[in-house]
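Heads up: the structure comes next, in structure tokens.
The values are calculated or read from the model by the stated rules, or taken from the named source; none is laboratory data. Keep in mind the model is a prediction, meaning the values are calculated, not measured. Positions of Cβ are backbone-derived with ideal geometry, glycine not excepted, and every protein chain shown enters the neighbour counts. Accessible surface is based on the protein model in full, side chains and every heavy atom, while ligands, DNA and RNA are left aside. Shrake-Rupley method; radii C 1.70, N 1.55, O 1.52, S 1.80 Å.
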Amino acid sequence: MVKLPGYAGKILYIDISKKKHKVVDVKESFARKYLGGIGFATRILYDLLKEKVDAFDARNPIIISPGLLTGFGVPTFSKVVFASKSPLTGGFSRSVAGGRIGPALKYAGYDTVVIQGRCRKPIYIFIDDDRVEFRKAEDLWGLSTRETEERLKEEIGDKTVATAVIGPAGENLSLISCIDCEERQAGRTGLGAIMGAKKIKAIAVRGSKDL
């Protein structure tokens, strides 16, 4: 596992079809070559998409990767990259957002999260340090992003939990839908539709570890 300063040292792989997850150590050579954020996300996406799959195919992942300095309180460096194959262009997709979701993932112990598969019914994913839960979200489907965020915080019982959610646009696979990260948006290339196709209404993250 990487022991370089600034890294959590883990990549979290989530398969929502099987409701399973695994954690893979980040090798130091990988960290030095790709640094984090868009570097990690691009390399992982390239390795996973060996075949010419449709953007809405269950095999197309959505990857969430905080930048190297995310979580350290450096001004303008709280960014997180969302990456996938774009439903809008059919090519490589990356969209960057600010807010708290990136730092929360680092505090939970992950340099990157890779989500694959598809659910039959809406869910949201709750990452709470080492715990990963798949929770029902039928009652959230159809709500706006703000309503979803508020309901998640109420259900979890923690107003500090970080969220990334979609609204009706993503649910209906709009090719220009975004992912809302508490008033910060990953707004390019239609990645809200990728979450909608996978039936992921939201991702909630709470982390308490030290970087």
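Observations, loosely collected:
- Taken together, G98, G73, G109, G102 contain a single residue that is modelled with pLDDT under 95 and in contact with a Lys or Arg (Cβ under 7 Å, 6 or more places away or on another chain), which is G98.
- In the range 131-142, of all residues being in contact (Cβ under 8 Å) with a residue 60 or more places away in the chain and open to solvent by 30 Å² or more (accessible area, probe 1.4 Å), the one that is farthest from L105 (Cα to Cα) corresponds to W141.
- Selected residue [out of contact with any strand residue (DSSP E or B) (no Cβ under 7 Å at 6 or more places or on another chain), in contact (Cβ under 8 Å) with a residue 12 or more places away in the chain, closer than 21 Å to G207 by Cα and among the hydroxyl-bearing types (S, T, Y)] from S65, S78: S78
- Of the strands (runs of 3 or more DSSP E) entirely within the range 1-105, those holding at least 2 residues that are open to solvent by less than 50 Å² (accessible area, probe 1.4 Å) occupy 10-15, 62-66, 80-85, 92-97.
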